[in-house]
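The next block holds one structure in the form of structure tokens; read it before the comments.
The values are calculated or read from the model by the stated rules, or taken from the named source; none is laboratory data. If you're wondering where the values come from, they're calculated on a predicted model, not measured in any experiment. We place every Cβ from the backbone using ideal geometry, glycine too, and count neighbours over all the protein chains shown.
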């Protein structure tokens, strides 16, 4: 006894839509084919006859008749979700690879590579790479850190962050530091310029032509920088730079200078100069906390944009390049805005200490 397919009855709106799909030259071919199947079925034609007329298999016609009866027009527009290929790598194996990556090291090496892990686990390199990407594992990368051991860290942190977020009235906050030993490096051979399809080139080796320290003070209000390259990095040069800051800032405001713990900043002669200039106040960052000094951010801009890929045949040429960059920056200064509160910083540091203590 042959099976009789369930009849299909179309509303006027459904018939109009299906006829549009069946006759459309822009709709997908499979959608037009499915629409013609349903129109023929609605006219009373059985699945076997529809299959012969359209040159397709009867199970295909039956499939889309049932899909239409279940979901109407929407059932024709999308294919049913498929279960997909059964994964060859089990979840247990994935967990084993992740655990080995995090908790172990290969013999005679400091970290796993995709090849060594694949060999150790008996899987393909592509499988290891896919699992690492899925779990965001990067054994070849590390980040450096240093937790300050300053016993007055919390007090100094609140002091420095307070100057950034809530500076005293009638005062200027200046982030001050020295970028020491800036090298005048000259490449041993001329490089090739950049062109389409090829980046610029430069030799990996270089010739040293001397060094210069750069003293810089970043105005936290305007973003302007007071800078001076000097031959040496001693307390004498620091006092000279303090005099430059004193001369180039308004005399009616107090100056709050954020500096690190380098010995020249605490020299007795520096302290004598500060006593003679009571409007200048030094605020020391905690030890091992250079990230609290915002002028370091400007030093990075200088290094990346002007020094790292430069070629300098002498120290005077290097100083000229630094001065040109400094002048260009001050013509269109951009303030570096500090946003982190002391409480949020302490929360992150405490969380890091807990993680380190758990490992040791």
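For segment 276-289, the set of residues classified as within 19 Å of residue 234 (Cα to Cα) and assigned to a helix (DSSP H, G or I) is empty. Within segment 204-227, which residues are in contact with a helix residue (DSSP H, G or I) (Cβ under 9 Å, 6 or more places away or on another chain) and free of Cβ contacts under 8 Å to residues at least 60 places away in the same chain? Those that are in contact with a helix residue (DSSP H, G or I) (Cβ under 9 Å, 6 or more places away or on another chain) and free of Cβ contacts under 8 Å to residues at least 60 places away in the same chain: 213, 215, 226. Within segment 340-360, if we keep just the residues that are part of a loop (DSSP other than H, G, I, E, B) and touching a residue at least 60 places away in the same chain (Cβ under 8 Å), the residue that is surrounded by the fewest Cβ atoms within 10 Å (Cβ to Cβ) turns out to be 340.
Within the option set 333, 316, being over 21 Å from the mean Cα position of the chain (by Cα), outside any helix (DSSP H, G or I) and farther than 23 Å from residue 149 by Cβ holds for one residue only, 333. Pairs are defined by a Cβ separation below 6 Å, a sequence spacing of at least 6 or placement on different chains, a first member in segment 120-137 that is in contact (Cβ under 8 Å) with a residue 24 or more places away in the chain, and a second member that is assigned to a loop (DSSP other than H, G, I, E, B); the pairs so defined are 127/89.
Would you confirm whether or not segment 186-203 contains a residue that is over 30 Å from residue 100 (Cα atoms), over 27 Å from the mean Cα position of the chain (by Cα), touching a residue at least 40 places away in the same chain (Cβ under 8 Å) and exposed (fewer than 15 other Cβ atoms within 10 Å of the Cβ)? No - not one qualifying residue is present in segment 186-203.
Per this entry, residue 30 is not counted among residues that are without any contact (Cβ under 8 Å) to a residue 24 or more places away in the chain, within 30 Å of residue 141 (Cβ to Cβ), surrounded by 10 or more Cβ atoms within 10 Å (Cβ to Cβ) and out of contact with any helix residue (DSSP H, G or I) (no Cβ under 7 Å at 6 or more places or on another chain).
As a summary of the residue check, residue 339 satisfies the conditions (1) in contact with a strand residue (DSSP E or B) (Cβ under 7 Å, 6 or more places away or on another chain); (2) closer than 20 Å to residue 219 by Cβ except for the one numbered (1). Checked against (1) assigned to a helix (DSSP H, G or I); (2) within 30 Å of residue 202 (Cβ to Cβ), residue 273 meets all criteria but (2).
Among the residues examined, residue 300 qualifies as assigned by TED's automatic domain parsing to the domain that holds residue 225 and either touching a helix residue (DSSP H, G or I) at 6+ places or on another chain (Cβ under 6 Å) or not in a loop (DSSP other than H, G, I, E, B) (or both).
Read through the list (1) over 19 Å from residue 296 (Cβ atoms); (2) at pLDDT below 95; (3) touching a strand residue (DSSP E or B) at 6+ places or on another chain (Cβ under 9 Å), then give the number of the only condition that residue 195 fails. It is condition (3) that residue 195 fails. Scanning segment 143-154 for residues that are closer than 21 Å to residue 286 by Cα, part of a helix (DSSP H, G or I) and out of contact with any strand residue (DSSP E or B) (no Cβ under 9 Å at 6 or more places or on another chain) turns up at least one hit. Considering only residues in segment 323-339 that are in contact with a helix residue (DSSP H, G or I) (Cβ under 7 Å, 6 or more places away or on another chain) and under 30 Å from residue 184 (Cβ atoms), the one that is surrounded by the fewest Cβ atoms within 10 Å (Cβ to Cβ) turns out to be 336.
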